[in-house]
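A quick write-up on the structure given underneath.
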Amino acid sequence: MRDSYLFTWVKFILTCIDFVPMILFSLVLFRQRLKPHWIQISFAALAGTMVAYFDNWPLLYVSIICLLLMAVWKFNLVPALIIALSGYILSVIVATGVLIGCELTQFTDYANMKDDPLTTVIILLLTVMAKCSVLLAIIKLRLGFTFLSNYTRIPLTQENVGFYLFIVVVILGIAYRHSYPYSVLSALMPIQMLSIAIVLFIYVMLGKELGFQR
């Protein structure tokens with residue numbers, strides 16, 4: 001009983017910590033300055049800990065990141081949503097990769113993972129470590145995008161429809177994330193939605209550089 005109680009608290013702490021890389025993914029992907037705003041980022045992370053066990057926590061997490069971007073970096077709603085959802089998608093990709101790796105190495109069977117508190121905690125720890133590694137790689141390699149500058153407006157036009165489709169697809173993916181509860185590929189978001197979101201992300205973020213857009 002004591003072990004179960006301990007694992008519950010460790011899981012809660014790791015779940016709270018897991019939100020921090022999501023915030024930083026959003027900011028680093030779009031090359032926003034972190035150093036002058038650590039206090040505001042810390043308050044956003046604290047807010048995330050207060051909603052960590054809500055059933056609809058992904059939308060709440062995205063909302064917190066959006067509010068942070070709008071209040072501190074002065075983004076308008078649509079660019080803030082794009083940045084926040086991009087960070088969420090990258091977080092999902094890394095976490096899903098960890099789960100797939102654990103299943104391929106036969107460390108655990110995803111369908112039965114939740115029945116073992118110790119395994120759940122280990123996977124959460126591996127996920128946090130993987131996200132931090134990816135985050136450091138992005139910073140070290142100076143990856144990211146700069147075209148979403150402060151106060152940028154993205155009107156709903158034919159040229160910008162990809163941005164809005166990206167927002168809709170990711171939100172739908174969050175809403176239907178429990179559709180395939182026993183599939184490791186769809187552990188955090190239905191693989192169909194995740195795949196479409198990745199394609200849209202590449203199209204709208206790298207379209208001009210890769211020649212998809214004029």
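The values are calculated or read from the model by the stated rules, or taken from the named source; none is laboratory data. As the structure is a computational prediction, the values presented were derived from the model and not from experiment. Note: ideal-geometry Cβ built from the backbone for every residue, glycine included; neighbour counts use all protein chains shown. Ligands, DNA and RNA are excluded from the accessible area calculation, which covers all protein heavy atoms including side chains. Shrake-Rupley method; radii C 1.70, N 1.55, O 1.52, S 1.80 Å.
Worth pointing out:
- Some residue of the range 140-155 being open to solvent by 30 Å² or more (accessible area, probe 1.4 Å), part of a helix (DSSP H, G or I) and under 23 Å from residue 205 (Cβ atoms): yes
- Flag for residue 189 being in contact (Cβ under 8 Å) with a residue 12 or more places away in the chain, within 20 Å of residue 60 (Cβ to Cβ) and either part of a loop (DSSP other than H, G, I, E, B) or in contact with a strand residue (DSSP E or B) (Cβ under 9 Å, 6 or more places away or on another chain) (or both): yes
- Some residue of the range 161-174 being assigned to a helix (DSSP H, G or I), within 26 Å of residue 8 (Cβ to Cβ) and within 19 Å of the chain's Cα centre (by Cα): yes
- Only one of the numbered conditions (1) surrounded by 18 or more Cβ atoms within 10 Å (Cβ to Cβ); (2) of a type outside the set (Val, Ile, Thr); (3) at pLDDT 90 or above; (4) under 22 Å from residue 18 (Cα atoms) is violated by residue 113, and that is (3).
- Criterion applied to 119, 96 was being surrounded by 16 or more Cβ atoms within 10 Å (Cβ to Cβ) and under 22 Å from residue 29 (Cβ atoms), and the one residue passing it is 96.
- For the range 43-73, a residue qualifies if it is at pLDDT 80 or above and of a type in the set (S, T, N, Q), and the qualifying residues are 49, 63.
- When residues of the range 182-198 are limited to those that are open to solvent by 70 Å² or more (accessible area, probe 1.4 Å) and of a type outside the set (A, V, I, L, M), the one modelled with the lowest pLDDT: 182
- In the range 74-87, the residues that are touching a helix residue (DSSP H, G or I) at 6+ places or on another chain (Cβ under 8 Å) and open to solvent by 10 Å² or more (accessible area, probe 1.4 Å): 76, 77, 78, 81
- Within the range 54-61, one or more residues are buried (at least 18 other Cβ atoms within 10 Å of the Cβ) and either closer than 25 Å to residue 141 by Cα or among the aromatic types (Phe, Trp, Tyr) (or both).
- The single condition among (1) part of a helix (DSSP H, G or I); (2) closer than 15 Å to residue 93 by Cα; (3) open to solvent by less than 30 Å² (accessible area, probe 1.4 Å) that residue 201 does not satisfy is (3).
- Criterion violated by residue 124 - all others in (1) open to solvent by 20 Å² or more (accessible area, probe 1.4 Å); (2) more than 16 Å from residue 61 (Cβ to Cβ) satisfied: (2)
- Flag if residue 135 is of a type outside the set (Asp, Glu), in a helix (DSSP H, G or I) and open to solvent by less than 70 Å² (accessible area, probe 1.4 Å): yes
- Failed item, numbered, when residue 129 is tested on (1) more than 15 Å from the chain's Cα centre (by Cα); (2) surrounded by fewer than 16 Cβ atoms within 10 Å (Cβ to Cβ): (1)
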